[in-house]
Amino acid sequence: MSTLGIGIIGCGGITLQNHLPGLALCRDVRVAALCDADPRTLERARVETGCDVTTTRYEDVIARDDVHAVIIATPNMLHYPIAMAAIAAGKHVLCEKPIALGAADARTMAAAADAGCVRHMTAFTYRFVPAMRYLKHLADTGDLGEPWHYRSCRLQDWGTRDLGWRMVKKLAGTGELGDMLSHRINFAHHLVGPMKRIVANVKTLTPMRAGKPNDTDDWVAIIADFRNGATGVLESTKLASGRNESWRSLDYVEVNGSEGSFEFTTGKWNELQHGRIGGPGMTPLPVPREFWVWPGSPRDPGVGDPLVSFRYDQAVEFINAIREQRPCSVTFHDGAATQAVMDAALESAATGRWIDL
């Protein structure tokens, strides 16, 4: 097909901030249909895209012949039914994380997409940060040596404001666990490998937000044993007072290995910290220019805010995988593996036990 038609299901902030600017970089791509339950959100996306095909029913988008792929950016509870309907209709799917409310559904999605020969992608956006890509390269080429420890820390200050559907468990499934720690679980899998067992805890410290009930977690921590013998410590919170948000807050990953250590911080998109075994400490390590842009992306890293624009490469990778008839770099299988850890974390928090994976 010369022009790919994309259906956007869920037109809120993440679509406007990440997905639409990314699609704008892709050749021969057009937004063919928009869907959202909120008329005001739908109208804003219509103005932004110039797409006059709008609906509040996702079934209408999936049924269209001019829609070849869909991007799902709805409340989490809708990811599974929408994705399964799209796969059954032969549509390629990019889905926000977490891709389902449980690992069983996530695995079903991945298996169905494979069987249907459609491209499938989990929106683990931070995998496209240049510094993270370079860190993965260094780990794969042996600079880390044998991995010993993985740790990540995501500290944001969201206060007690209204978070909409994200603070309703039946819509979101989880709070901080699925919202932010899911990215860092995926980092751990990407850099170190699968986990063998975990012990975890979650807390809801703000049962009311802006006068409305909140029954999702504000804070989560995991201790992990990896199958290769490495250890992991992961923590994430919305309540680190004074830490600010997004790239202005602490988003930190460190991996220690037998040959050295590497530190990645989202706010330093083109720099790592690196230390050799027995050395004097961590020193800056610039990210080579070849890692500044995702392979095949036409994005100019000198245009716009680089702490935002790296996210656009995600849509480019999705579209290129469709055109090249190859798996996406981050698939539903990655989403399912992350969901399995999330499920285990909730079970551990409820029982106080280590949970095998």
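Here are the numbers for the structure shown:
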{"read-out": "Evaluation of Asn256 against (1) over 30 Å from Gly229 (Cα atoms); (2) out of contact with any Cys (no Cβ under 6 Å at 6 or more places or on another chain); (3) in contact (Cβ under 8 Å) with a residue 60 or more places away in the chain (one fails), failing number", "value": "(1)"}
{"read-out": "Tally, over region 91-150, of residues that are in contact (Cβ under 8 Å) with a residue 24 or more places away in the chain, β-branched (Val, Ile, Thr) and over 24 Å from Lys170 (Cβ atoms)", "value": "3"}
{"read-out": "Any hit, region 263-275, residues being farther than 19 Å from Arg127 by Cα and surrounded by 14 or more Cβ atoms within 10 Å (Cβ to Cβ)", "value": "yes"}
{"read-out": "Residue within region 290-301 that is assigned to a helix (DSSP H, G or I), at negative phi, modelled with pLDDT of 95 or more and not assigned by TED's automatic domain parsing to the domain that holds Ile72 present", "value": "yes"}
{"read-out": "All positions within region 284-300 that are in contact (Cβ under 8 Å) with a residue 24 or more places away in the chain and more than 17 Å from Ala139 (Cα to Cα)", "value": "Trp292, Val293, Trp294, Gly296, Ser297, Pro298, Arg299"}
{"read-out": "The lone exception for Asp65 - which of (1) in a loop (DSSP other than H, G, I, E, B); (2) at pLDDT below 95 it fails", "value": "(2)"}
{"read-out": "Qualifying residue in region 42-61 (condition: closer than 19 Å to Ala85 by Cβ, under 23 Å from the mean Cα position of the chain (by Cα) and crowded, with 17+ Cβ neighbours inside 10 Å)", "value": "yes"}
{"read-out": "Selection from region 113-125 of residues that are surrounded by 19 or more Cβ atoms within 10 Å (Cβ to Cβ) and part of a helix (DSSP H, G or I)", "value": "Ala113, Thr125"}
{"read-out": "Filter result for Arg227 (basic (Lys, Arg), more than 23 Å from Ala123 (Cα to Cα) and loosely packed, with under 15 Cβ neighbours inside 10 Å)", "value": "yes"}
{"read-out": "Every residue from region 308-357 that is of a type in the set (Phe, Trp, Tyr) and either assigned to a helix (DSSP H, G or I) or surrounded by 19 or more Cβ atoms within 10 Å (Cβ to Cβ) (or both)", "value": "Phe310, Tyr312, Phe318, Phe332"}
{"read-out": "Selected residue [at positive phi, in contact (Cβ under 8 Å) with a residue 24 or more places away in the chain, part of a loop (DSSP other than H, G, I, E, B) and outside the structural domain of Ala112 (by TED's automatic domain parsing)] from Gly281, Gly242", "value": "Gly242"}
{"read-out": "Scan of region 193-216 for residues that are outside any strand (DSSP E or B) and either surrounded by fewer than 24 Cβ atoms within 10 Å (Cβ to Cβ) or outside the structural domain of Trp165 (by TED's automatic domain parsing) (or both), ordered by number", "value": "Gly193, Pro194, Thr204, Leu205, Thr206, Pro207, Ala210, Gly211, Asn214, Asp215"}
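The values are calculated or read from the model by the stated rules, or taken from the named source; none is laboratory data. This is a predicted model, so every value here is computed, not measured. Cβ: placed from backbone, ideal geometry, glycine included. Neighbour counts: every protein chain shown.
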